[in-house]
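The values are calculated or read from the model by the stated rules, or taken from the named source; none is laboratory data. On a predicted model such as this, the values are computed, not experimentally measured, just so you know. No Cβ is skipped: glycine too gets one built from the backbone with ideal geometry, and neighbour counts run over all protein chains shown. Just the protein is used for accessible areas: all its heavy atoms, side chains included, with ligands, DNA and RNA removed. Shrake-Rupley method; radii C 1.70, N 1.55, O 1.52, S 1.80 Å.
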Amino acid sequence: MSFDYFMYKGVRFSPGSYSEEILNFAENEFQVLDDDVYIVTYPKSGTNWMIEILSLLKKDGDPTWCNDVLIWLRAPWYETREGQSQIKDVLPPRVVTSHLPFHIFAKSFFKSKAKIIYVLRNPRDIIVSLYYFSKIICHYKNPASFDKFFEDFVHGNLLYGSWFDHVKGWMQMKDNSNFFYITYEELQEDCQGSVKKICNFLQKDYDAKLIESVVKHSSFHAMKNNKMSNYSLATEEFIDHSKGSFMRKGLGLLRCIDEKETARSCPAVTLQSHSAF
Ligand code: A3P
């Protein structure tokens with residue numbers, strides 16, 4: 001199927017899940033609730049990992065909900081065509097997901113007491129992850145080559161715009177008490193400590209048993225083997241399962257530095273020159 005991305009406020013979106021009307025609703029009319037928690041990310045930053053962690057926290061570490069309900073129904077993307085209908089069935093307190101850049105985010109958030117957890121991942125791994133993701137997701141354009149894809153990433157020509165702008169935009173919020181950010185790498189390095197920090201931010205009491213259960217049931221291995229979380233049940237309209245799987249490698253920069261694909265393809269100097277901080 002051939003299609004073109006369209007621009008909304010300087011950012012590229014796919015007509016598969018978006019339209020100007022849908023984005024306009026997300027930005028200007030969607031009602032944020034005070035007890036909502038938003039997971040905001042640039043794609044491939046660990047969005048679904050955070051959904052799993054928050055799903056487990058919501059159920060006090062009990063994995064039943066994660067094992068019974070599809071991940072995208074537990075925390076819908078409020079800005080997509082599908083998500084705007086799915087979210088109607090979610091009872092508060094809601095966990096809501098978004099890839100939107102700061103300047104397009106729901107205006108009602110800024111008048112609410114809702115919270116945001118922003119997850120960042122190093123751009124080298126995002127490029128590789130997104131490259132393979134773009135090959136399997138039907139609403140993404142199939143990359144012509146890795147080199148062209150790399151150029152498009154660096155110049156902000158991919159879906160959801162520039163990673164650099166996304167991070168820069170959202171990090172304006174870093175001193176706000178209802179905004180918490182964490183990196184994919186920190187989650188990998190110290191998942192227990194990260195979950196404790198998330199609990200503190202959400203003002204949720206925890207004990208060792210809760211933390212242990214959340215870490216265990218949100219591990220890469222657990223999610224890869226959970227059909228409700230690994231996207232194996234996503235329809236062929238969304239994912240071409242013959243071309244790869246959503247739970248790809250789950251490696252961070254430090255762990256995959258030997259991987260030829262990452263080290264060879266992403267010259268550090270190019271990325272440093274675009275530093276978002
Ligand atoms: P890779 O493609 O590098 O393997 P998102 O959820 O934002 O789309 O991010 C997807 C990336 O996070 C993929 O990275 C995926 O494998 C990884 N991922 C998903 N769940 C994970 C987990 N529990 N632990 C570590 N990485 C995970």
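Figures for the structure shown
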read-out	value
When residues of the range 188-215 are limited to those that are under 18 Å from the mean Cα position of the chain (by Cα) and not hydrophobic (A, V, I, L, M, F, W, C), the one farthest from the ligand (Cβ to nearest atom)	SER194
Residue tally, condition within 17 Å of the chain's Cα centre (by Cα), hydrophobic (A, V, I, L, M, F, W, C) and surrounded by fewer than 19 Cβ atoms within 10 Å (Cβ to Cβ), over the range 65-83	2
Count of residues meeting criterion [in a loop (DSSP other than H, G, I, E, B) and either of a type in the set (Asp, Glu) or open to solvent by 30 Å² or more (accessible area, probe 1.4 Å) (or both)] in the range 1-18	8
Selection within the range 216-251 - in a helix (DSSP H, G or I), over 16 Å from the mean Cα position of the chain (by Cα) and near the ligand (Cβ under 10 Å from one of its atoms)	HIS217, HIS221, ALA222, LYS224
The lone exception for GLN86 - which of (1) surrounded by 14 or more Cβ atoms within 10 Å (Cβ to Cβ); (2) outside any helix (DSSP H, G or I); (3) not hydrophobic (A, V, I, L, M, F, W, C) it fails	(2)
Pairs, first aromatic (Phe, Trp, Tyr) in the range 58-70, second open to solvent by 80 Å² or more (accessible area, probe 1.4 Å), C-beta under 9 Å, six or more apart	TRP65/LYS59
Any chance GLU52 is within 16 Å of the ligand (Cβ to nearest atom), over 21 Å from PHE179 (Cα atoms), of a type in the set (Asp, Glu) and under 19 Å from the mean Cα position of the chain (by Cα)	no
Identity of the residue in the range 29-64, open to solvent by 40 Å² or more (accessible area, probe 1.4 Å) and touching a helix residue (DSSP H, G or I) at 6+ places or on another chain (Cβ under 6 Å), that ends up farthest from SER218 (Cα to Cα)	GLN31
Criterion violated by VAL128 - all others in (1) part of a loop (DSSP other than H, G, I, E, B); (2) within 16 Å of the chain's Cα centre (by Cα) satisfied	(1)
Of all residues making up the range 29-49, the number that are part of a strand (DSSP E or B) and either modelled with pLDDT under 95 or more than 8 Å from the ligand (Cβ to nearest atom) (or both)	4
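Quick grid of which residues meet (1) acidic (Asp, Glu); (2) open to solvent by 40 Å² or more (accessible area, probe 1.4 Å); (3) within 13 Å of the ligand (Cβ to nearest atom):
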position	(1), (2), (3)
ALA106	no, no, no
ASN122	no, no, yes
VAL128	no, no, yes
ILE137	no, no, yes
LYS148	no, yes, no
SER162	no, no, no
ASN176	no, yes, no
GLU186	yes, yes, yes
